[in-house]
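One structure is given below, encoded as structure tokens.
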Amino acid sequence: MSNEFPGWHGTTIIAVRKGGEVVVAGDGQVSLGQTVIKGTARKVRRLSPGGYDVVAGFAGSTADAFTLLERLETKLEATPGQLQRACVELAKDWRTDKYLQKLEAMLIVTDGSQLYVITGAGDVLEPEHDVAAIGSGGNYALAAARAMMDSDKTAEQVARAAMAIAADICVYTNGSLTVEAISA
């Protein structure tokens with residue numbers, strides 16, 4: 001049996017772009033091993049560096065994610081209105097900086113017109129089908145949202161329904177949502 005600290009486990013974040021709007025939703029569960037530590041965490045946040053609105057959601061270690069969000073905000077301040085460039089610069093730093101390489105988190109970021117997933121492997125991914133999801137329940141939410149994209153549901157309705165499905169399947173995801181919308 002390992003004596004290692006059990007570590008923080010999963011979450012679900014989804015972003016849905018539909019009808020001129022992007023909605024980012026995240027659950028509120030924070031787990032330590034098999035124990036739920038908190039059920040109402042805010043893992044989706046609005047950043048406004050220099051008046052430029054960006055919505056970001058994170059999965060993984062909370063402290064690591066906050067470090068990345070601070071770095072992203074700094075990059076956005078240095079490149080106002082250039083989300084892609086800020087994301088690429090963050091990913092480059094994340095991949096090459098020895099301190100940042102140890103961070104265990106992923107981000108979904110959007111300014112309403114652009115939507116990216118940023119990983120610690122140096123990836124800045126623009127999702128297909130106008131849906132992106134990360135975290136332990138991400139694949140469940142992604143599949144559910146993609147199945148609803150051709151329906152009459154709004155972006156928010158798709159995101160909420162997909163999160164409800166993920167929460168029913170993934171033990172590390174709950175139904176306490178934070179939802180942020182941003183227009184293109």
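None of the figures in this text is laboratory data; all of them are computed from the coordinates on show. The model shown is predicted, which means the values in this text are computed figures rather than measured ones. As a convention, Cβ positions derive from the backbone with ideal geometry for all residues, glycine included, and neighbour counts pool all protein chains shown.
First select every other residue whose beta carbon is under 10 angstrom from the beta carbon of Thr79; then total the charges, Lys and Arg +1, Asp and Glu -1.
0
Using alpha-carbon pairs under 8 Å, 6+ residues apart, how would you state the relative contact order of the stretch 42-184 in percent?
Details: 221 pairs, mean separation 31.3, N = 143.
Value for the stretch 42-184: 22 percent.
Return the loop-located GluC sites (Glu not before Pro) in the stretch 54-141 (DSSP other than H, G, I, E, B) with at most 15 other Cβ atoms within 10 Å of their own Cβ; answer none if there are none. Kindly include the intermediate steps, with their values, before the conclusion.
On the way: sites: Glu70, Glu73, Glu77, Glu89, Glu104, Glu128; in loops: Glu104, Glu128.
Sparse-neighbourhood loop GluC sites (Glu not before Pro): Glu104, Glu128.
Please enumerate, by chain and number, the lysines with C-alpha under 23 Å from the C-alpha of Lys75, excluding those fewer than 8 residues away in the same chain.
Qualifying lysines at Cα under 23 Å: Lys43, Lys92, Lys98, Lys102.
Neighbour counts of other C-beta atoms within 10 Å: give me Ile37, Ile169 arranged from fewest to most.
Values: Ile37 11, Ile169 14.
Arranged by neighbour count, lowest to highest, Ile37, Ile169 become Ile37, Ile169.
Helix-only estimate, please: 222 nm mean residue ellipticity of the chain, summing -39500 (n - 2.57) across DSSP H runs of length 4 or more and dividing by its residues, to the nearest 500.
Details: 4 runs with 57 residues, N = 184.
One gets -10000 deg cm²/dmol as the mean residue ellipticity at 222 nm.
For Glu104 and Asp168, FRET efficiency with R0 = 30 Å and r from the beta-carbon atoms, rounded to 0.05? Before the final figure, lay out the partial values.
Numbers: r = 26 Å, r/R0 = 0.86.
Working from the Cβ atoms, E equals 0.70.
Just subtract the alpha-carbon distance of Thr154 and Gln84 from 0.36 nm times their residue separation and send over the number in nm, one decimal. Each step should come with its number before you reach the end.
On the way: separation 70, 0.36 × 70 = 25.20 nm, distance 2.55 nm.
Taking Thr154 through Gln84 to full extension adds about 22.6 nm, to one decimal.
Starting from the 7 Å offset along Cα-to-Cβ, what nm value, one decimal, do you get for the label separation of Glu126 and Ile37?
Going by the 7 Å Cα→Cβ label model, 3.7 nm.
What is the extension gain from Thr67 to Ser113, computed as 0.36 nm multiplied by their sequence separation minus the C-alpha to C-alpha distance, in nm to one decimal?
On the way: separation 46, 0.36 × 46 = 16.56 nm, distance 2.46 nm.
Length difference between fully extended and current span is 14.1 nm.
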